[in-house]
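Single-structure report; data block below.
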Amino acid sequence: MEKIASFTVDHIKLQPGIYVSRKDTVGSEIITTFDLRMTSPNEEPVMNTAEVHTIEHLGATFMRNHATYKDKTIYFGPMGCRTGFYLLLAGDYSSKDIVPLMIEMYEFIRDFEGEVPGASPKDCGNYLDMNLNMAKYLAKKYLDEVLYDIKEDRLVY
């Protein structure tokens with residue numbers, strides 16, 4: 001079997017950033033998959049499931065309610081390795097195109113107060129596995145260390 005594209009990225013050198021992971025054509029539409037890498041793989045601890053789950057709920061809620069991107073959002077969810085998230089958008093985008101959107105989303109997560117959307121037994125299959133304080137901490141860290149002054153080497157693999 002051929003290696004899939006995401007397994008050809010050198011995870012020893014990979015640093016937190018926003019990367020275009022792949023582009024697929026579905027019908028006449030291009031779907032851009034972004035690698036929102038929040039931690040340095042194999043170098044720093046991965047995120048725990050509770051904060052990943054919380055970021056997933058908040059990020060998905062933000063994207064699906066965004067005035068411009070709600071109808072372009074295909075998926076927002078965690079990587080199995082717990083070092084970041086995938087965002088799939090309908091359209092042909094570069095990493096630079098979504099930096100302002102990601103700043104807006106991670107500021108929303110950083111500043112979120114109240115009950116996490118969908119964190120109830122009726123709405124979620126593991127609603128107790130949430131950690132809002134750590135999700136906010138990680139969002140702030142990603143904003144401060146990566147997004148606010150993102151460099152070219154954190155935008156292209």
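Worth a mention:
- Put a plus charge on the Cβ of each Lys and Arg, a minus charge on the Cβ of each Asp and Glu, and nothing anywhere else: the dipole of the stretch 65-152 about its Cα centre is then about 200 debye.
- Size of electric dipole in the chain: Cβ of Lys, Arg +1 and of Asp, Glu -1, about Cα centre, debye, nearest 20: 160 debye
- GNM flexibility winner over the chain from L128, L58, L88 (Cα, springs under 10 Å): L128
- Of interest is the spacing of the C-alpha centroids, which for the stretch 96-157 and the stretch 40-85 amounts to 7 Å.
- Candidates F62, T25, Y127 compared by Cα position along the dipole of the stretch 5-148: farthest toward the positive end lies T25, with charges placed on Cβ.
- The chain: calculated mean residue ellipticity at 222 nm from DSSP helix runs of at least 4, using -39500 (n - 2.57): -8500 deg cm²/dmol
- Residues listed by number, the stretch 33-54, amide nitrogen under 18 Å from K151 label point at 7 Å toward C-beta: 37-41
- Taking a ≥ b ≥ c as the square roots of the eigenvalues of the Cα gyration tensor, the stretch 1-134 is classed as oblate, since a/c reaches at least 1.5 and a/b does not exceed b/c.
- Förster radius 25 Å - calculated FRET efficiency between E43 and E2, Cβ distance, rounded to 0.05: 0.35
None of the figures in this text is laboratory data; all of them are computed from the coordinates on show. Quick caveat: nothing in here was measured; it's all calculated off a predicted structure. Neighbour counts run over all protein chains shown; Cβ positions are idealised from the backbone, glycine included.
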